[in-house]
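Working notes, structure below.
The values are calculated or read from the model by the stated rules, or taken from the named source; none is laboratory data. Model, not experiment: these values are computed from the prediction. Cβ sites come from the backbone with ideal geometry, for glycine too, and all protein chains shown count toward neighbours.
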Amino acid sequence: MTAQKGKDLLLKLFSSNSSQFETVAGLRSKQIAFNSQSVDITHSESAGRWREMLAQAGTREASFSGSGVFKDAASDAAVKDVFFSGEIPGWQVVIPDFGVVEGPFQITSLEYSGQHDGEVTFDVTIRSAGELSFTGI
């Protein structure tokens, strides 16, 4: 993957009103992480006493965090509604020249801040809450 513009990494929330994914925020900084837990199956007869791992056995997780400004009042309200209702809706994370990660995510953190002479900003973290799909670009 060659260098890409950070602004092209998008967070989208499924809208039941329009039956499509809509960009919800003007994120200025963002990060997505993929993690998996391993299952150690090393035993006394493992070759050379090297650790052995069980393939496809651990728990996998994706998390996305970002900070910025909401693009409009509707996107602000949509994210707040999801957080306060405790829903786990469908989200998309669009990674330029890489692909799209899609599936259920839960908002685990939503923070607002602002300076007296500046705009209100927010920080949001979502964590996967079920099976995700990946579509390469």
Determine which single condition residue 19 fails, assuming it passes every other condition in (1) modelled with pLDDT of 85 or more; (2) under 27 Å from residue 120 (Cβ atoms).
(2)
Quick check on my filter: what residues within the range 91-137 are exposed (fewer than 15 other Cβ atoms within 10 Å of the Cβ), of a type in the set (A, V, I, L, M) and in a strand (DSSP E or B)?
120
The range 47-60: number of residues that are within 27 Å of residue 107 (Cα to Cα) and of a type in the set (D, E, K, R)
1
Looking only at the range 68-119, count every residue that is of a type in the set (A, V, I, L, M, F, W, C), in contact (Cβ under 8 Å) with a residue 12 or more places away in the chain and over 18 Å from residue 132 (Cβ atoms) and tell me the total.
6
I need the full set of residues from the range 16-62 which are assigned to a strand (DSSP E or B) and farther than 24 Å from residue 91 by Cβ, in order please.
40, 53
Among the residues listed as 63, 75, the single one being within 15 Å of the chain's Cα centre (by Cα) and under 18 Å from residue 109 (Cβ atoms)
63
Within the range 40-58, is there a residue that is modelled with pLDDT under 90, closer than 17 Å to residue 126 by Cβ and surrounded by 13 or more Cβ atoms within 10 Å (Cβ to Cβ)?
no
